[in-house]
Every structure is written in structure tokens, then in C-alpha cells.
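The values are calculated or read from the model by the stated rules, or taken from the named source; none is laboratory data. Please read all numbers here as calculations on a predicted model, not as lab measurements. Reconstructed Cβ throughout: ideal geometry from the backbone, glycine too, with neighbour counts over all protein chains shown.
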Ligand SMILES: *Cc1c(COP(=O)(O)O)cnc(C)c1O
């Protein structure tokens, strides 16, 4: 029997080979905080995306908080957000004093649509916060007029979507506030980190202050003067030079990483065509650098436990937020979210997996789904 140790993990970081040296070099420079490497990483990201400016932050969670404040969110404002996301998205909304209003999704993509957003809009809505689930861009241009008319800004949670496209445009270049994550298992990792793509130079300046305790001067300027100016409240959320060095090493090889993630997702899609009980969540693979590979299945909890017992590292992205105790005050019924959340199963998805591993995962899944369907029909298993 062949063993498949890589299938035991749902996700893991992918290192391109240059990171260890990059960290050693950054340590030798001796500037561990926000430093020249951080600014170099910002320039490299801006160049990669084709935008004027990128603001790095210590995490995507803090990037979301900063983006919401830059968008003008004030305490009491309402932010439209899908329940189907990592809880960090909702915590960011609450941390800046706003109220989340949960939006339902299209089960086929796990993303909000123009229709579900329209149904959730109220007079208090200040920001629309779509989540680019699985890396898939969320195109809400159909709502552009409504949003402009009501003065609603768009902040994207693109934690999954670094490298993806919306039509012909890279995510991050469509004119909204885009928040990326460079956490351990994201498409590109800095170990921990995030970045904001601002809409304007004013946004960029505000974001830079908010990530640096409200201080106006750059790090380089502060060294040369006897004082600094605190303009606003702010977080302590700069990206360290050591983390930035890892990001630079990752970015240099990102086109290869992106292709490999697409190839892995396509290998799963081809294999899952022969697994009748599993419905693949569609990520629009031509335009997407996929973050995960998610299927919807009946008897999800039982399938999950059985696969785990067989050493296959399945996961769930995500338990819905509107059912969490901490978010109960903002609960409202979300039929599509609730139905599909009970079916979601994330298959092992990382670049340590071979085609043979994918075959092992999908054939094992097929056997288990078949056994479950027999027992639902009162069969012998
Ligand atoms: C990872 C993730 C975040 C948070 O990113 P961090 O960099 O870990 O703070 C936010 N939203 C989604 C959808 C995520 O997957």
C-alpha cells in the first residue's frame, strides 16, 4: 500500500527555496522593524500589480481595520459582509465600532452577488465588504450606480486572492480598497503580513498613519528630526523588514507558484468529475490563483470524520459567522449560507501534493460518499 503523508495536511506554506537566505540577510542588516526592505516590498508589490502604491501591514486583519477607517467608517455605521468568511473579517468590522450586516451568498461560488447585496442594503450602509472566497474575484460593477448614489465604499477582503484577476484586471487594480493577506498558508506568504491597495494618494497617506500609531513622518524622516507628529489614532501594525524579505523572495517566484496552484486545482477538478456525490465550489480557474479546493457533500460531518480517521487532512472553510455566539446580535436568517455551510469540505490543498496524492484523496472520498449514500437509503453499510 502506498502512503500519502502529504495528504494529512489541509494546507501548508510553500517555500520557493530563497526564503532562508533572505531571512539571514535581513537579520544581518540589523533593522528588524519597518525598514528599507519593507519599502522595497511595497514597491515590488505595486510593480507586480501595476498600481501606483501599496501599503504593507502586519496582517490582513489589521489591513481590513485600516481600510474600513480609510473608507470613512464611523461608529454605528453598517458594513455589509458575508457570513461565509473567516471570523477575522467580522472582527475587523466590530473593532472599528461598525455593525456587520450579514449578506447571503451564491452556494456555487460561496461569494456574495449583486442580488444578495441589493437585498441587504439599508440606509445605514456605509461600506460593502465582499470576500473573494477561494481567490475568486467578486464583480459588483452591476451595483456601481447604486453604490455611488448612496456614497457606499467597497473594501475587498482579498486574503485568498493575491494574483487573481477580475476580468482582464488584476485584483487590487479595480479601484476599490483591496486587502491582501500574506499569512502562513495564503497564496504568497511573509510568515505573517498583509497589504492594502489604496484608491488615491490621500488613502495611502491615511493608511500609512493608521498602521504607524497615527504618526505622520516616515521612518526615514524620524531619524533626522527631534520630534514627530501624531495626527490621529492608529494601530501598531507595521510589517517588519524580516517579514518583508520573505515576501520579496516569494514574489520573485510567484508566477511559478500561481501556475502550480492552478494546476493542482485543475487536477482536482478533473478527478472530481468522476465523484458524483461531490459538487465542486467554482473558483473561475482561468482568472484565479486558488486558495483552496472546496466541495459540497451530503453527510459532511460523517464524511469529515471518516476522512480524518483515514489520515486525510480535510478542513472546513468556514463555520458561518452569523451563528457564532459573539456575533449573535447581528444574526439574521441566511438560507443559502446555512444550507451550504453544512455541506462544505475543504480537500487537502498545497504544493506538496502530487497527482498521485490527488488521486488518493478523490478515490477515497468517492468510496466514502458511496458508502454514506447506501446507508442513507437503508442499504447494508
Ligand atoms: C486569512 C484571512 C484573513 C486574515 O488574514 P491575516 O493576515 O491572518 O490577519 C481575513 N479574511 C480571510 C478570508 C482570510 O482567509
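Values computed for the structure shown
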{"quantity": "Residue identified as modelled with pLDDT of 95 or more and surrounded by 19 or more Cβ atoms within 10 Å (Cβ to Cβ) among 351, 344, 323", "calculated": "344"}
{"quantity": "Residue match in the range 236-249 (condition: surrounded by fewer than 18 Cβ atoms within 10 Å (Cβ to Cβ) and under 30 Å from residue 96 (Cβ atoms))", "calculated": "yes"}
{"quantity": "Matching option when the condition is modelled with pLDDT of 95 or more, farther than 30 Å from residue 121 by Cα and either surrounded by 21 or more Cβ atoms within 10 Å (Cβ to Cβ) or over 16 Å from the mean Cα position of the chain (by Cα) (or both), among 71, 67, 24", "calculated": "24"}
{"quantity": "Members of the range 207-233 that are surrounded by 20 or more Cβ atoms within 10 Å (Cβ to Cβ), farther than 12 Å from residue 34 by Cβ and either more than 16 Å from the ligand (Cβ to nearest atom) or modelled with pLDDT under 95 (or both)", "calculated": "209"}
{"quantity": "Some residue of the range 143-155 being under 20 Å from residue 322 (Cβ atoms) and modelled with pLDDT of 95 or more", "calculated": "yes"}
{"quantity": "Single condition residue 113 does not satisfy, out of (1) surrounded by 18 or more Cβ atoms within 10 Å (Cβ to Cβ); (2) farther than 17 Å from residue 131 by Cβ; (3) away from the ligand (no atom under 16 Å from the Cβ)", "calculated": "(2)"}
{"quantity": "Counted residues, the range 183-200 - those being near the ligand (Cβ under 10 Å from one of its atoms) and assigned to a loop (DSSP other than H, G, I, E, B)", "calculated": "8"}
{"quantity": "Pairs with Cβ under 8 Å, 6+ apart, first in the range 121-143 and touching a residue at least 40 places away in the same chain (Cβ under 8 Å) and on the phi < 0 side of the Ramachandran plot, second in a helix (DSSP H, G or I) and within 12 Å of the ligand (Cβ to nearest atom)", "calculated": "129/64; 129/89; 129/93; 131/89"}
